[in-house]
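Structure first, commentary second.
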Amino acid sequence: MSQFTSYMERALQEARAAAERGEVPVGAVLVAPDGSVVAADGNRTRELGDPTAHAEMLVIRAGGAERLTGHDLYVTLEPCAMCAAAIATARIRRLYFGADDPKSGGVLHGARVFEHPQTHHRPEVYDGIAAAASSALMTGFFAGRRG
């Protein structure tokens, strides 16, 4: 039996880099079945002028295949409905995420994309991975913008 390795610290690094660029601090890491990192990135919606340039979307696109069966995705924040749909369409094996997103989440909150009968693939979902660190990044980022 292989030992579990978390890639959430790498996702947090990408989220911090996104914050430094003035982006909402969300980071994602796509991991191949052999444990190698396929892609890692943070939000780039402002930089690219693209509302779909969420961290999850960027690493799925960088995955380079229509189907990413067997791949795992680590993301610092619960994916929104758009990203959850892309995760299902790409056939991601496992989704690990940090902080819940009651306002815009699409996995445990809101649309709950994986619960819809139209969803053809449902990844295994593990939430709360480094949730405190992920939440602190978001809280700090938005506090700096409001205060």
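Where strands (runs of 3 or more DSSP E) sit wholly within region 53-147, those with at least 2 residues that are open to solvent by 60 Å² or more (accessible area, probe 1.4 Å) and not basic (Lys, Arg) occupy 124-126. The set of residues from region 94-107 being over 15 Å from residue 119 (Cβ atoms) and touching a Pro at 6+ places or on another chain (Cβ under 9 Å) comprises 94, 97, 101, 105.
In region 10-17 there is at least one residue matching the filter, namely being surrounded by fewer than 23 Cβ atoms within 10 Å (Cβ to Cβ), closer than 21 Å to residue 126 by Cα, in contact with a strand residue (DSSP E or B) (Cβ under 9 Å, 6 or more places away or on another chain) and without any contact (Cβ under 8 Å) to a residue 60 or more places away in the chain.
Selection of region 89-134 for residues being hydroxyl-bearing (Ser, Thr, Tyr) and farther than 17 Å from residue 23 by Cβ yields 89, 96, 119, 126. Going by the structure shown, is residue 24 in contact (Cβ under 8 Å) with a residue 60 or more places away in the chain, open to solvent by less than 60 Å² (accessible area, probe 1.4 Å) and within 12 Å of the chain's Cα centre (by Cα)? No, not satisfied. The number of residues in region 53-108 that are without any contact (Cβ under 8 Å) to a residue 12 or more places away in the chain and either in contact with a Phe, Trp or Tyr (Cβ under 9 Å, 6 or more places away or on another chain) or among the hydroxyl-bearing types (Ser, Thr, Tyr) (or both) comes to 0.
The values are calculated or read from the model by the stated rules, or taken from the named source; none is laboratory data. Since we're looking at a predicted model, the values are computed, not measured. Cβ coordinates were reconstructed from backbone atoms using ideal geometry, including for glycine residues, and neighbour counts include every protein chain displayed. In case anyone asks, the SASA skips ligands and DNA or RNA and just uses the protein heavy atoms, side chains included. Shrake-Rupley method; radii C 1.70, N 1.55, O 1.52, S 1.80 Å.
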